[in-house]
Structures are given as C-alpha cells and as structure tokens.
Amino acid sequence: MARLIDTQSLPELPSQITLSPGDVLVLQASGGYVQTGDDVLEMLGAYQPGLLQAAGTVLSPMGAPGTVLLRALQPGQATVNVVMGDPWFSPETHTLGVIVEV
Amino acid sequence: MKEKNDHERQLREALLKIEGVLSCITGKEGPLAASPKEEPSADEGLPPEQLGCSIKSVPPRLAKLAAETARRVNPVNGPVLGRLAELKAPTDFHPQFLTIVVSKYWGPSPRRLTVSFMEATPADLRARIVSHMNAWAKTTCISFVETTGVGTVRIARGAGGYWSYLGTDITLIPKNRPTMNLQGFTMNTPESEFRRVVRHETGHTLGFPHEHMRKELVSRIDPQKAYLYFLKTQGWDKATVDAQVLTPLNDQSIMGTPADQTSIMCYQLPGSITKDGKPITGGVDINTTDYAFAGKIYPKPLLGLTPEPALADHLELAVDTTDWDEAEDVPDAERDATIEATLLPSHGPTDRYPELAGTALANHA
Ligand SMILES: [Zn+2]
C-alpha cells in the first residue's frame, strides 16, 4: 500500500531514503528536481500552501512554494536535488539518494 | 504672535501630512510640498541580499469585507478601492493585484498592535522579535507590544517559510491561526536575519506589498532568462516563475515612492536574469525611503508623544491550529473590537486641529 511520507519531524533529511513504488514523499522545500532516475522517481511539483474553505474554494497565499512532492514510480535508484530555505536568499540545495524497492 | 505662528506651522505640518498621504495614492505631489523627495537609496551600495516570503490574502469571500474594514480604519483606502472599477476585465483580478488594490492600511491614528506567539517561545526571543517589529515605530505611529493573551498579530515559527497577512487583513484571521510565520527563528538566528526578515514581514502587517513586483523592476527582467534560471535553480515551472517574478503590480499600489530596489520590501534578483545584466539588489533593512514613506502613511502625532511600547508579562501559548472553516470567520463585532482596541488613548491629529474636521485625517476610525 502506498504511503504519504511526512518528513517534518526530522531536523535534517538523511542522505538516502528507501521508498516503495507509489510512495509520495512530502518535503518542506521551495523547489527541487530529479537529477538521475526520472523513470524511478517523479517530481510532482512545488506547491504553495492552500486552505480549503467550507464553500469549496481554496485560499492560497502569494509567495514562494513551501512544499515539494516526489512520487516513487518503480524499483531502481534516483538522485534528487531538493532546494530548501529562502529561495531569494542563499537557498540550500541538498542531494538526496532514493532507492525504490518492492 | 509666537503662538499664532506656532499654530500656523503646526497646521501646515498637518496639511503636509495629508498631502503626503494623498500623493502616495495619486502619485502626484501637492503644492505644499516644499522639500525635495527623499531619494531612493538604490545606489547606496548595500549588499545584494533579500528574502522570500508570501503575503497571505484573505479568502475571496472575505475580500469585500476586508476592503470595507480597511476603508473604515482609514479613509485613505477608499479611493484606492474605488479604482477597482478602472480595471478592465475580471482577468485583471489576480490575487496579487487584489491584495494591492484593496489596500489594508491601518490609518493615521496612533495604534498599538498586540503580539502573541503560537508556539512556546522563550521570553528573550519574544522580546527580540517584537523589538525588531518596533523598528518601524521609529517614524510611524504604530507600535507593537507583546500580550499575555491572544494578540492581534500572532506569530508562528513552524514550517512554511516567511509570510504575513497584509495590513488590516490580520483582523479577519481566526484567532487560533497565525497572521505571520517566521520559520525556524531562534535566538541563534543572526541579527541580520532579524532585520531582514522580521522587519520585512512586519512591513506586510503594516500593509506594504512586495517592492520587487513594481513594474519598473519587473520590466528589467528577461522572461526567458528567468524561466531558465528558476528551472535550473529551483525546478520551478513557467507558471510558478510568472507568479513569483514576472507579474507586476499595477500602479494602484499605495506604495507611492519611486520603485526602490533596496527597500526592505524588495527581493534580491540576480543579474543573470535581467536585461541589462545588473542585479536587483534587494534590501536588508528598512531604508531611508521606507522610513519616510511609512512615516507619511502612519504619521507620528504632531503634538504629544506616542507611548513607547512596553513588554507585558510573558505567557507561553501552545495553540493547535486547525483548518480554517467558514464557521471560524471572525464575527463583525469581534473584528471591530479588535481594531478599536489597537487605538492608543493618545488622540489623532484632528483632536489637536479642529480646523481639519471634515478632511481625510478627520475621518479616521
Ligand atoms: Zn514578503
């Protein structure tokens, strides 16, 4: 069964992460891109916060994205660059190794 | 005779302030302005640093109410709202435009906004944050003071970056939700970051938009270079780059000074994405122009003193934030009470200048 994986509890991301196909990794980041293994790991996108209203509309602030979603596609290895911190002021890029296995 | 001269001088000063406020809206200088404009400090050689944050906007269903609230707090907001009618088509109502057009200024009366913290926050950190917020009080009539209760300004330090709701919009936010986010700020955060980030976010709380979205600055950016740059450095798609750096504010912004790339409200953008190869330097602290403009919009009392903010006893708050449901909307009476409570007992200009009754300054809340 696929999992939605929260990373907020960690002060720092580990250098390598093991996922199963279908898993979605939620990162607190302003951006990111798959460097190698784009058939193994898919960057779903960088997202701004949004808040669902009772009326069915979504409240979304202007500003930099704060969340990046990655989805594991199939067994294999990938590397992804995750951009964290203030995107306008000394953003930090972390390279993450991802192993996807059944 | 001296008394009469003093009175005339004071009256002239009051009129200058009114004119200054109006010129901020119309972009035209009035006949009373005798001194040259403060020059933007774009070439003062400040280091090229800036921050990224997001201004939170109220939900669309509250936009009209927000505008009415802003206008009630300060009639200065009225003409700006009125110019909504000049927009050509519904497609012009981009959230960023709307945030600017329906400006959220607090009005010229002295106010003290209470501040509380969503998470357990050490007393020294709370005091440090509030002291940087009060940097704006150097030239303005608005100050910030920590409260042991639930503040008008509510600061969180969790994930999500740096952001603040804009001006009087903060009174529309449910009280169990923050109005400002300062991700990861601790006492170990460098002082320069307190200046750069806390003062910037507080600028949003005062109602100031992002300066880098001024069309004069946006027009310096080469779109193709920007798309490539942000794809490479952030992985952002075209739509994200459009929203972040290529969509200019319109001229109805109340930020009436010339576009100022060293404003505390301006991001840093690299020379590699500009047409002329020169960076948009961005600001790292409230600059001279920021102080002057803020002082015009929020004039210090002409007579008497705005009381210095005093720190209240500290109470550590741990508030669980849940999704904002419509049922959580702040009731009218509560919102009015919140706004009223920010007013200082000190009186507005027209209390001292009855001659101004009926003018813009006389109509403040
Ligand atoms: Zn900002």
Considering the range A:62-81 alone, what residues qualify as being within 11 Å of the chain's Cα centre (by Cα) and over 16 Å from B:Q183 (Cβ atoms)?
A:L69, A:L70, A:R71, A:A72, A:V80, A:N81
Counted residues in the range B:150-168 being open to solvent by less than 10 Å² (accessible area, probe 1.4 Å) and within 14 Å of the ligand (Cβ to nearest atom) come to 4
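Test B:H210 against the criterion of being within 16 Å of the ligand (Cβ to nearest atom), in contact with a Leu (Cβ under 8 Å, 6 or more places away or on another chain) and modelled with pLDDT under 85, and give yes or no.
Numbers: within 16 Å of the ligand (Cβ to nearest atom): yes; in contact with a Leu (Cβ under 8 Å, 6 or more places away or on another chain): yes; modelled with pLDDT under 85: yes.
Against the criterion (within 16 Å of the ligand (Cβ to nearest atom), in contact with a Leu (Cβ under 8 Å, 6 or more places away or on another chain) and modelled with pLDDT under 85), B:H210 qualifies.
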What about B:T179, is it of a type in the set (S, T, N, Q) and either crowded, with 20+ Cβ neighbours inside 10 Å or within 15 Å of the ligand (Cβ to nearest atom) (or both)?
yes
Check whether at least one residue in the range B:185-198 is surrounded by fewer than 23 Cβ atoms within 10 Å (Cβ to Cβ), away from the ligand (no atom under 13 Å from the Cβ) and on the phi > 0 side of the Ramachandran plot, and report yes or no.
no
Matching residues in the range B:204-232 - criterion: being buried (at least 18 other Cβ atoms within 10 Å of the Cβ) and either of a type in the set (A, V, I, L, M) or in contact with a Pro (Cβ under 9 Å, 6 or more places away or on another chain) (or both)
B:L206, B:M213, B:R214, B:L217, B:V218, B:I221, B:A226, B:Y229, B:F230
Does B:V130 meet the test of being open to solvent by less than 10 Å² (accessible area, probe 1.4 Å), out of contact with any Leu (no Cβ under 9 Å at 6 or more places or on another chain) and of a type outside the set (D, E)?
no
B:Y267 being crowded, with 17+ Cβ neighbours inside 10 Å, at pLDDT below 90, within 13 Å of another protein chain (Cβ to nearest Cβ) and under 19 Å from A:S90 (Cβ atoms)
yes
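The values are calculated or read from the model by the stated rules, or taken from the named source; none is laboratory data. Model, not experiment: these values are computed from the prediction. Here Cβ is always computed from backbone atoms with ideal geometry, including for glycine, and neighbour counts include all displayed protein chains. The protein model used for the area step is the full one, side chains on, heavy atoms only, and it has no ligands, DNA or RNA in it. Shrake-Rupley method; radii C 1.70, N 1.55, O 1.52, S 1.80 Å.
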